[in-house]
1. In the list LYS121, LYS48, LYS117, which residue meets the criterion of being of a type in the set (D, E, K, R), within 23 Å of GLU19 (Cβ to Cβ), loosely packed, with under 12 Cβ neighbours inside 10 Å and modelled with pLDDT under 95?
2. Assuming ILE73 fulfils every condition listed in (1) among the hydrophobic types (A, V, I, L, M, F, W, C); (2) open to solvent by 20 Å² or more (accessible area, probe 1.4 Å); (3) within 20 Å of MET12 (Cα to Cα) apart from one, which condition is it?
3. What's the total number of residues in region 93-107 that are over 20 Å from ALA39 (Cα atoms) and not in a loop (DSSP other than H, G, I, E, B)?
4. With respect to ALA8, determine if the residue is of a type in the set (A, V, I, L, M, F, W, C) and more than 19 Å from SER99 (Cα to Cα).
Amino acid sequence: MKIVFLGADPKMLTNFRFELIKEFCALGHEVFCCAAGEANDVADTLAKVGAKYIAVDFNRDGINPVSELGKLIGLSLKINSLKPDVVLTVSAKGVIYGSLAAFVAGVPYRFSILISKIIHKSRI
């Protein structure tokens with residue numbers, strides 16, 4: 001099965017989703033990890049467990065509607081070229097854009113994973 005992880009920040013893939021990526025690779029799935037920009041250290045870490053890193057044109061801070069529509073179309077074309085069975089999106093913008101792009105690309109299974117932060121307040 002082909003699985004694509006999509007997030008805005010490459011470090012998020014190795015910092016928060018590495019164990020899941022590693023497990024999918026160990027089970028024999030073909031795993032692609034996509035995020036904004038080149039990240040050789042992330043690519044090297046992912047390659048050690050059998051996953052492939054792909055830089056995508058994705059702007060975490062972009063707000064220009066025309067530019068963002070172009071990036072959404074480009075992301076959809078990239079996902080379509082990979083022909084994944086599953087797309088797992090992480091990060092807020094990754095979830096919004098990745099879910100739409102995967103839908104347009106006709107990916108049958110799309111899941112969104114947001115990171116929740118648990119804050120512990122101690123009593124004084």
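1. Numbers: LYS121 fails: within 23 Å of GLU19 (Cβ to Cβ); LYS48 fails: modelled with pLDDT under 95.
Step by step, each of LYS121, LYS48, LYS117 is checked, and only LYS117 is of a type in the set (D, E, K, R), within 23 Å of GLU19 (Cβ to Cβ), loosely packed, with under 12 Cβ neighbours inside 10 Å and modelled with pLDDT under 95.
2. So ILE73 meets the others, but not (3).
3. Let us first name the residues in region 93-107 that are over 20 Å from ALA39 (Cα atoms), namely 95-97, 99-107.
Okay, now just the ones that are also not in a loop (DSSP other than H, G, I, E, B), so 95-97, 99-104.
Here the count works out to 9.
4. Numbers: of a type in the set (A, V, I, L, M, F, W, C): yes; more than 19 Å from SER99 (Cα to Cα): no.
Considered against the rule, which asks whether it is of a type in the set (A, V, I, L, M, F, W, C) and more than 19 Å from SER99 (Cα to Cα), ALA8 comes out as no.
The values are calculated or read from the model by the stated rules, or taken from the named source; none is laboratory data. Note that the coordinates shown come from a computational prediction; the quantities given were computed from them, not determined experimentally. Cβ: placed from backbone, ideal geometry, glycine included. Neighbour counts: every protein chain shown. These accessible areas exclude ligands, DNA and RNA; they are computed on the full protein's heavy atoms, side chains included. Shrake-Rupley method; radii C 1.70, N 1.55, O 1.52, S 1.80 Å.
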